[in-house]
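Below is one structure, written out as C-alpha coordinates; the observations come after it.
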Amino acid sequence: MDKIRWGILSTGSIANSFVEDLKFVPDAEVIAVGSRKQAVADKFGDKHNIPNRYDSYHALANDPEVDVIYVATPHSMHAENSIMCMEAGKAVLCEKAFCITAGEAEKMIAVARREKVFLMEALVTRHFPVIHKVLEWINLGLIGEVRIVQANRCARGSFRPEQRHLNPELGGGSLLDVGIYVISFSSMIYQQTPKKVVGFGHVGEFGSDEQGATILEYENGALGVLTFALRTEAVNEAYIYGTKGHIKLPELFAVPTCARLHVKGEKEVVFNDKIKGNGLNYQVHEVHRCLREGLLESPRMPLHESLQIMQTMDKIRAPWSFRYPNDKK
Ligand SMILES: NC(=O)c1ccc[n+]([C@@H]2O[C@H](COP(=O)([O-])OP(=O)(O)OC[C@H]3O[C@@H](n4cnc5c(N)ncnc54)[C@H](OP(=O)(O)O)[C@@H]3O)[C@@H](O)[C@H]2O)c1
(Lines give C-alpha, C1' and ligand atoms only; values in the text may rest on other atoms or scores of the structure.)
Protein backbone atom coordinates (compact mmCIF):
# COMPACT_ATOMS: atom_id res chain seq x y z
CA MET A 1 0.00 0.00 0.00
CA ASP A 2 1.27 3.51 -0.85
CA LYS A 3 2.39 5.50 2.14
CA ILE A 4 0.59 8.69 3.13
CA ARG A 5 3.14 11.49 3.26
CA TRP A 6 2.95 13.91 6.17
CA GLY A 7 4.26 17.44 6.57
CA ILE A 8 4.65 18.88 10.07
CA LEU A 9 3.84 22.56 10.51
CA SER A 10 5.88 23.87 13.49
CA THR A 11 8.35 22.13 15.76
CA GLY A 12 7.09 22.48 19.34
CA SER A 13 6.34 19.99 22.06
CA ILE A 14 3.34 18.20 20.56
CA ALA A 15 4.84 18.18 17.05
CA ASN A 16 7.73 16.14 18.50
CA SER A 17 5.38 13.67 20.21
CA PHE A 18 3.25 13.39 17.08
CA VAL A 19 6.19 12.48 14.85
CA GLU A 20 7.36 9.92 17.42
CA ASP A 21 3.90 8.33 17.42
CA LEU A 22 3.73 8.10 13.63
CA LYS A 23 6.13 5.16 13.87
CA PHE A 24 3.11 3.16 15.12
CA VAL A 25 1.31 3.83 11.84
CA PRO A 26 2.94 1.61 9.20
CA ASP A 27 1.53 3.46 6.18
CA ALA A 28 2.60 6.92 7.41
CA GLU A 29 5.77 8.68 6.34
CA VAL A 30 6.95 12.09 7.56
CA ILE A 31 8.67 13.72 4.62
CA ALA A 32 8.63 17.46 5.45
CA VAL A 33 8.74 19.96 8.28
CA GLY A 34 8.25 23.73 8.26
CA SER A 35 9.36 26.15 10.95
CA ARG A 36 9.72 29.91 11.21
CA LYS A 37 13.50 29.38 11.19
CA GLN A 38 15.60 27.15 8.94
CA ALA A 39 17.93 26.12 11.78
CA VAL A 40 14.96 24.95 13.85
CA ALA A 41 13.50 23.00 10.93
CA ASP A 42 16.91 21.41 10.31
CA LYS A 43 17.30 20.41 13.96
CA PHE A 44 13.83 18.84 13.99
CA GLY A 45 14.54 17.19 10.63
CA ASP A 46 17.83 15.73 11.90
CA LYS A 47 16.20 14.43 15.07
CA HIS A 48 13.37 12.70 13.24
CA ASN A 49 15.12 11.89 9.97
CA ILE A 50 12.85 14.11 7.84
CA PRO A 51 14.25 14.92 4.38
CA ASN A 52 12.43 18.16 3.38
CA ARG A 53 12.98 21.09 5.76
CA TYR A 54 11.59 24.60 5.21
CA ASP A 55 12.12 28.00 6.79
CA SER A 56 8.46 28.94 6.43
CA TYR A 57 5.06 27.36 6.82
CA HIS A 58 4.19 28.65 3.33
CA ALA A 59 7.03 26.67 1.74
CA LEU A 60 5.91 23.54 3.58
CA ALA A 61 2.33 24.01 2.38
CA ASN A 62 3.59 24.16 -1.20
CA ASP A 63 5.77 21.02 -1.08
CA PRO A 64 4.23 18.93 -3.90
CA GLU A 65 5.29 15.66 -2.23
CA VAL A 66 3.17 16.26 0.90
CA ASP A 67 -0.33 14.72 1.14
CA VAL A 68 -1.44 15.93 4.57
CA ILE A 69 -0.22 18.56 7.03
CA TYR A 70 -0.34 18.44 10.82
CA VAL A 71 -0.86 21.99 12.18
CA ALA A 72 0.60 22.25 15.69
CA THR A 73 1.03 25.98 16.27
CA PRO A 74 -0.53 28.02 19.12
CA HIS A 75 -4.33 28.34 18.98
CA SER A 76 -4.27 31.89 17.61
CA MET A 77 -2.62 30.63 14.42
CA HIS A 78 -4.65 27.51 13.66
CA ALA A 79 -7.14 29.19 11.30
CA GLU A 80 -4.53 31.10 9.29
CA ASN A 81 -2.15 28.13 9.04
CA SER A 82 -4.85 25.59 8.16
CA ILE A 83 -6.42 27.85 5.52
CA MET A 84 -3.03 28.42 3.87
CA CYS A 85 -2.40 24.65 3.69
CA MET A 86 -5.87 23.88 2.34
CA GLU A 87 -5.55 26.61 -0.30
CA ALA A 88 -2.34 24.86 -1.39
CA GLY A 89 -4.44 21.72 -1.89
CA LYS A 90 -3.34 19.88 1.26
CA ALA A 91 -5.41 17.80 3.65
CA VAL A 92 -5.12 19.15 7.22
CA LEU A 93 -5.15 17.67 10.72
CA CYS A 94 -5.35 20.76 12.96
CA GLU A 95 -4.54 20.55 16.66
CA LYS A 96 -7.18 21.34 19.25
CA ALA A 97 -8.67 23.78 20.00
CA PHE A 98 -9.81 23.98 16.36
CA CYS A 99 -9.24 27.78 16.43
CA ILE A 100 -10.18 30.80 18.56
CA THR A 101 -13.75 31.69 17.63
CA ALA A 102 -16.73 30.20 15.85
CA GLY A 103 -16.19 32.83 13.14
CA GLU A 104 -12.74 31.42 12.41
CA ALA A 105 -14.14 27.89 12.40
CA GLU A 106 -16.72 28.88 9.79
CA LYS A 107 -13.97 30.28 7.55
CA MET A 108 -11.85 27.12 7.90
CA ILE A 109 -14.80 24.88 7.04
CA ALA A 110 -15.77 27.05 4.08
CA VAL A 111 -12.24 26.76 2.66
CA ALA A 112 -12.17 22.97 3.19
CA ARG A 113 -15.45 22.65 1.28
CA ARG A 114 -14.45 25.08 -1.47
CA GLU A 115 -11.05 23.42 -2.03
CA LYS A 116 -12.54 19.93 -1.54
CA VAL A 117 -9.81 18.90 0.90
CA PHE A 118 -9.96 16.87 4.10
CA LEU A 119 -9.97 18.79 7.41
CA MET A 120 -10.17 17.41 10.95
CA GLU A 121 -9.63 18.80 14.45
CA ALA A 122 -7.02 16.73 16.31
CA LEU A 123 -9.05 15.81 19.37
CA VAL A 124 -7.21 12.65 20.37
CA THR A 125 -9.70 11.34 22.94
CA ARG A 126 -12.29 10.30 20.36
CA HIS A 127 -10.06 7.82 18.61
CA PHE A 128 -9.07 5.49 21.46
CA PRO A 129 -10.45 1.93 21.70
CA VAL A 130 -11.75 2.76 25.22
CA ILE A 131 -13.99 5.46 23.77
CA HIS A 132 -15.30 3.11 21.08
CA LYS A 133 -16.24 0.67 23.88
CA VAL A 134 -17.92 3.41 25.96
CA LEU A 135 -20.03 4.52 22.98
CA GLU A 136 -20.95 0.89 22.32
CA TRP A 137 -22.15 0.46 25.95
CA ILE A 138 -24.21 3.66 25.69
CA ASN A 139 -25.71 2.71 22.32
CA LEU A 140 -26.66 -0.71 23.72
CA GLY A 141 -28.61 1.13 26.41
CA LEU A 142 -26.62 -0.48 29.23
CA ILE A 143 -26.76 2.65 31.44
CA GLY A 144 -30.19 3.71 30.18
CA GLU A 145 -30.75 7.31 29.15
CA VAL A 146 -27.71 9.54 29.72
CA ARG A 147 -28.69 12.35 32.10
CA ILE A 148 -25.41 13.86 33.36
CA VAL A 149 -21.87 13.99 31.99
CA GLN A 150 -19.27 15.15 34.50
CA ALA A 151 -15.66 15.69 33.46
CA ASN A 152 -12.61 17.44 34.78
CA ARG A 153 -9.43 18.43 32.91
CA CYS A 154 -7.11 20.31 35.22
CA ALA A 155 -3.39 20.48 35.93
CA ARG A 156 -1.02 22.95 37.46
CA GLY A 157 1.71 24.02 35.09
CA SER A 158 4.48 26.52 35.82
CA PHE A 159 4.15 28.73 32.77
CA ARG A 160 6.07 31.81 31.68
CA PRO A 161 4.00 34.71 30.32
CA GLU A 162 5.53 34.41 26.85
CA GLN A 163 4.66 30.72 26.55
CA ARG A 164 1.45 29.93 24.70
CA HIS A 165 -0.46 28.28 27.58
CA LEU A 166 -1.68 31.42 29.39
CA ASN A 167 -0.69 34.03 26.81
CA PRO A 168 -3.87 35.68 25.48
CA GLU A 169 -2.01 36.90 22.35
CA LEU A 170 -1.50 33.23 21.39
CA GLY A 171 -5.00 32.09 22.31
CA GLY A 172 -3.87 30.84 25.71
CA GLY A 173 -6.03 30.08 28.72
CA SER A 174 -7.69 27.06 30.24
CA LEU A 175 -10.86 27.12 28.12
CA LEU A 176 -9.15 26.65 24.76
CA ASP A 177 -6.23 24.60 26.05
CA VAL A 178 -7.96 22.03 28.27
CA GLY A 179 -11.63 23.04 28.49
CA ILE A 180 -11.89 21.78 24.93
CA TYR A 181 -11.41 18.20 26.20
CA VAL A 182 -14.39 18.23 28.56
CA ILE A 183 -16.66 20.23 26.24
CA SER A 184 -15.84 17.95 23.30
CA PHE A 185 -16.38 14.89 25.52
CA SER A 186 -19.86 16.05 26.51
CA SER A 187 -20.65 16.87 22.87
CA MET A 188 -19.51 13.41 21.77
CA ILE A 189 -21.74 11.68 24.35
CA TYR A 190 -24.90 13.71 23.71
CA GLN A 191 -24.44 14.38 19.96
CA GLN A 192 -26.49 17.55 20.41
CA THR A 193 -26.00 21.30 20.50
CA PRO A 194 -26.55 22.51 24.08
CA LYS A 195 -29.77 24.51 24.50
CA LYS A 196 -28.34 26.58 27.33
CA VAL A 197 -24.75 27.43 28.22
CA VAL A 198 -23.45 29.04 31.41
CA GLY A 199 -19.77 29.64 32.00
CA PHE A 200 -17.48 30.84 34.75
CA GLY A 201 -13.85 31.82 34.33
CA HIS A 202 -11.15 33.29 36.52
CA VAL A 203 -8.83 35.61 34.61
CA GLY A 204 -5.41 35.54 36.26
CA GLU A 205 -2.19 37.55 36.27
CA PHE A 206 -1.33 36.88 32.59
CA GLY A 207 -4.70 38.20 31.42
CA SER A 208 -6.20 34.87 30.43
CA ASP A 209 -8.45 32.36 32.15
CA GLU A 210 -6.60 30.13 34.62
CA GLN A 211 -9.64 28.08 35.44
CA GLY A 212 -13.28 27.84 34.64
CA ALA A 213 -16.42 25.77 34.65
CA THR A 214 -19.45 25.36 32.48
CA ILE A 215 -22.84 23.76 32.74
CA LEU A 216 -24.37 22.77 29.42
CA GLU A 217 -28.05 21.94 29.26
CA TYR A 218 -29.30 19.61 26.52
CA GLU A 219 -32.74 18.29 25.52
CA ASN A 220 -34.96 17.13 28.35
CA GLY A 221 -32.69 18.70 30.99
CA ALA A 222 -29.68 16.45 30.41
CA LEU A 223 -26.52 18.14 31.71
CA GLY A 224 -22.82 18.49 31.05
CA VAL A 225 -21.06 19.63 34.25
CA LEU A 226 -17.50 20.43 33.29
CA THR A 227 -14.40 21.99 34.86
CA PHE A 228 -11.03 22.98 33.44
CA ALA A 229 -7.86 24.60 34.81
CA LEU A 230 -4.21 25.26 34.06
CA ARG A 231 -3.13 26.19 37.58
CA THR A 232 -5.02 23.74 39.78
CA GLU A 233 -4.12 20.15 40.57
CA ALA A 234 -7.08 17.81 40.26
CA VAL A 235 -8.07 14.28 39.29
CA ASN A 236 -8.86 14.15 35.59
CA GLU A 237 -11.77 11.74 35.55
CA ALA A 238 -15.01 11.61 33.57
CA TYR A 239 -18.36 10.10 34.55
CA ILE A 240 -21.40 9.40 32.39
CA TYR A 241 -24.51 8.97 34.54
CA GLY A 242 -27.64 7.32 33.15
CA THR A 243 -31.01 6.13 34.38
CA LYS A 244 -29.77 2.53 34.90
CA GLY A 245 -26.11 2.97 35.82
CA HIS A 246 -22.94 4.87 35.04
CA ILE A 247 -19.58 4.68 33.28
CA LYS A 248 -16.39 5.97 34.85
CA LEU A 249 -13.25 6.88 32.91
CA PRO A 250 -10.43 7.14 35.44
CA GLU A 251 -7.43 9.49 35.26
CA LEU A 252 -6.45 10.55 32.55
CA PHE A 253 -9.81 10.33 30.83
CA ALA A 254 -8.70 12.42 27.83
CA VAL A 255 -6.09 9.77 26.96
CA PRO A 256 -8.15 6.84 28.16
CA THR A 257 -6.79 3.42 29.07
CA CYS A 258 -9.74 2.16 31.12
CA ALA A 259 -13.53 2.39 31.39
CA ARG A 260 -15.67 0.96 34.20
CA LEU A 261 -19.31 0.10 33.62
CA HIS A 262 -21.59 0.03 36.67
CA VAL A 263 -25.13 -1.16 36.03
CA LYS A 264 -27.27 -1.06 39.16
CA GLY A 265 -27.48 -4.52 40.74
CA GLU A 266 -24.88 -6.07 38.40
CA LYS A 267 -21.19 -6.89 38.64
CA GLU A 268 -18.82 -4.16 37.41
CA VAL A 269 -17.45 -4.59 33.87
CA VAL A 270 -13.97 -3.19 33.19
CA PHE A 271 -12.45 -2.52 29.79
CA ASN A 272 -8.68 -1.94 29.78
CA ASP A 273 -6.48 -0.93 26.91
CA LYS A 274 -2.75 -0.34 26.71
CA ILE A 275 -2.01 2.64 24.52
CA LYS A 276 0.95 2.83 22.19
CA GLY A 277 3.39 5.73 22.60
CA ASN A 278 1.73 9.00 23.54
CA GLY A 279 -1.55 7.90 21.94
CA LEU A 280 -1.42 10.47 19.13
CA ASN A 281 -1.31 7.70 16.52
CA TYR A 282 -4.96 6.60 16.91
CA GLN A 283 -6.25 9.79 15.27
CA VAL A 284 -3.79 9.25 12.42
CA HIS A 285 -5.40 5.90 11.58
CA GLU A 286 -8.68 7.79 11.27
CA VAL A 287 -7.12 10.43 8.97
CA HIS A 288 -5.67 7.69 6.77
CA ARG A 289 -8.97 5.80 6.66
CA CYS A 290 -10.78 8.98 5.56
CA LEU A 291 -8.16 9.87 2.95
CA ARG A 292 -8.18 6.35 1.49
CA GLU A 293 -11.98 6.29 1.39
CA GLY A 294 -12.12 9.76 -0.18
CA LEU A 295 -13.94 11.31 2.82
CA LEU A 296 -13.46 15.07 3.27
CA GLU A 297 -14.27 14.92 6.98
CA SER A 298 -14.27 12.32 9.72
CA PRO A 299 -17.56 10.92 11.03
CA ARG A 300 -15.80 10.62 14.41
CA MET A 301 -14.88 14.32 14.55
CA PRO A 302 -17.12 16.01 11.98
CA LEU A 303 -16.70 19.66 11.05
CA HIS A 304 -20.19 20.70 12.10
CA GLU A 305 -19.33 19.46 15.59
CA SER A 306 -16.00 21.33 15.73
CA LEU A 307 -18.01 24.44 14.78
CA GLN A 308 -20.69 23.75 17.39
CA ILE A 309 -17.98 23.33 20.06
CA MET A 310 -16.39 26.67 19.09
CA GLN A 311 -19.85 28.31 19.29
CA THR A 312 -20.30 26.82 22.76
CA MET A 313 -16.88 28.10 23.86
CA ASP A 314 -17.73 31.59 22.53
CA LYS A 315 -20.82 31.51 24.74
CA ILE A 316 -18.92 30.27 27.79
CA ARG A 317 -16.45 33.15 27.69
CA ALA A 318 -18.88 35.84 26.50
CA PRO A 319 -19.36 37.22 30.05
CA TRP A 320 -15.61 37.15 30.84
CA SER A 321 -13.42 40.23 30.99
CA PHE A 322 -11.06 39.48 28.12
CA ARG A 323 -11.12 38.82 24.39
CA TYR A 324 -8.47 37.11 22.27
CA PRO A 325 -6.75 39.47 19.82
CA ASN A 326 -8.44 37.70 16.86
CA ASP A 327 -11.81 38.35 18.51
CA LYS A 328 -11.47 42.10 19.08
CA LYS A 329 -12.20 43.26 15.55
N1 LIG B 1 -3.18 16.51 21.45
C2 LIG B 1 -2.55 16.73 22.58
O3 LIG B 1 -2.45 15.87 23.42
C4 LIG B 1 -1.92 18.08 22.77
C5 LIG B 1 -1.02 18.25 23.80
C6 LIG B 1 -0.38 19.47 23.91
C7 LIG B 1 -0.70 20.50 23.03
N8 LIG B 1 -1.62 20.31 22.06
C9 LIG B 1 -1.97 21.38 21.11
O10 LIG B 1 -0.90 21.51 20.17
C11 LIG B 1 -0.71 22.88 19.81
C12 LIG B 1 0.73 23.27 20.10
O13 LIG B 1 1.01 23.05 21.46
P14 LIG B 1 2.51 22.83 21.99
O15 LIG B 1 2.40 22.55 23.43
O16 LIG B 1 3.24 21.88 21.12
O17 LIG B 1 3.10 24.31 21.80
P18 LIG B 1 4.62 24.77 21.74
O19 LIG B 1 5.50 23.74 22.35
O20 LIG B 1 4.65 26.15 22.25
O21 LIG B 1 4.93 24.77 20.17
C22 LIG B 1 4.24 25.61 19.29
C23 LIG B 1 5.08 25.81 18.04
O24 LIG B 1 4.37 26.71 17.20
C25 LIG B 1 5.28 27.52 16.46
N26 LIG B 1 4.92 28.94 16.62
C27 LIG B 1 4.51 29.75 15.64
N28 LIG B 1 4.28 30.98 16.08
C29 LIG B 1 4.57 30.97 17.38
C30 LIG B 1 4.54 31.98 18.38
N31 LIG B 1 4.17 33.23 18.11
N32 LIG B 1 4.91 31.63 19.62
C33 LIG B 1 5.27 30.37 19.91
N34 LIG B 1 5.32 29.37 18.98
C35 LIG B 1 4.97 29.68 17.73
C36 LIG B 1 6.68 27.20 16.98
O37 LIG B 1 7.30 26.35 16.01
P38 LIG B 1 8.44 26.93 15.02
O39 LIG B 1 9.39 27.70 15.88
O40 LIG B 1 9.02 25.71 14.44
O41 LIG B 1 7.77 27.80 13.99
C42 LIG B 1 6.43 26.44 18.26
O43 LIG B 1 7.43 25.50 18.52
C44 LIG B 1 -1.79 23.65 20.59
O45 LIG B 1 -2.92 23.77 19.79
C46 LIG B 1 -2.10 22.73 21.77
O47 LIG B 1 -3.40 22.92 22.32
C48 LIG B 1 -2.22 19.11 21.91
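Brief remarks on what is shown
- Taken over region 155-199, the criterion of being of a type in the set (G, A, S) and under 25 Å from N220 (Cβ atoms) is satisfied by G179, S184, S186, S187, G199.
A quick yes/no check of all residues on (1) more than 8 Å from the ligand (Cβ to nearest atom); (2) β-branched (V, I, T); (3) surrounded by 20 or more Cβ atoms within 10 Å (Cβ to Cβ):
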{"site": "A15", "(1), (2), (3)": "no, no, yes"}
{"site": "I31", "(1), (2), (3)": "yes, yes, no"}
{"site": "S35", "(1), (2), (3)": "no, no, yes"}
{"site": "A41", "(1), (2), (3)": "no, no, yes"}
{"site": "F44", "(1), (2), (3)": "no, no, yes"}
{"site": "H48", "(1), (2), (3)": "yes, no, no"}
{"site": "P51", "(1), (2), (3)": "yes, no, no"}
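- Residue pairs whose Cβ atoms lie under 7 Å apart, separated by 6 or more positions or on different chains, with the first residue in region 33-49 and within 13 Å of A72 (Cβ to Cβ) and the second charged (D, E, K, R) and buried (at least 21 other Cβ atoms within 10 Å of the Cβ), are V33/R53.
- When region 139-168 is filtered for residues that are within 22 Å of H127 (Cβ to Cβ) and out of contact with any strand residue (DSSP E or B) (no Cβ under 7 Å at 6 or more places or on another chain), the ones remaining, listed by number, are N139, L140, A155.
- Within region 270-284, residues that are at negative phi and of a type in the set (S, T, Y) sit with their Cβ atoms under 7 Å from residues that are modelled with pLDDT of 95 or more and more than 11 Å from the ligand (Cβ to nearest atom), at 6+ positions apart or across chains, in these pairs: Y282/F128.
- Residue within region 127-148 that is within 30 Å of F206 (Cβ to Cβ) and either more than 16 Å from the ligand (Cβ to nearest atom) or among the basic types (K, R) (or both) present: no
- Every residue from region 164-219 that is closer than 17 Å to H75 by Cβ and among the basic types (K, R): R164
- Exactly one residue out of L216, L223 is in contact with a Ser or Thr (Cβ under 8 Å, 6 or more places away or on another chain) and more than 15 Å from H127 (Cα to Cα), and it is L216.
- Test: residue in region 4-12 that is over 30 Å from R323 (Cβ atoms), away from the ligand (no atom under 11 Å from the Cβ) and surrounded by 21 or more Cβ atoms within 10 Å (Cβ to Cβ): yes
- The number of residues in region 149-169 being without any contact (Cβ under 8 Å) to a residue 40 or more places away in the chain, within 12 Å of the ligand (Cβ to nearest atom) and not acidic (D, E) comes to 2.
- Matching residues in region 169-195 - criterion: being surrounded by fewer than 19 Cβ atoms within 10 Å (Cβ to Cβ) and either farther than 17 Å from L123 by Cα or among the aliphatic types (A, V, I, L, M) (or both): E169, Q192, T193, K195
- Breaking point among (1) closer than 21 Å to V284 by Cβ; (2) in contact with a helix residue (DSSP H, G or I) (Cβ under 8 Å, 6 or more places away or on another chain); (3) exposed (fewer than 15 other Cβ atoms within 10 Å of the Cβ), for P26: (2)
The values are calculated or read from the model by the stated rules, or taken from the named source; none is laboratory data. Source: prediction; values computed, not measured. Reconstructed Cβ throughout: ideal geometry from the backbone, glycine too, with neighbour counts over all protein chains shown.
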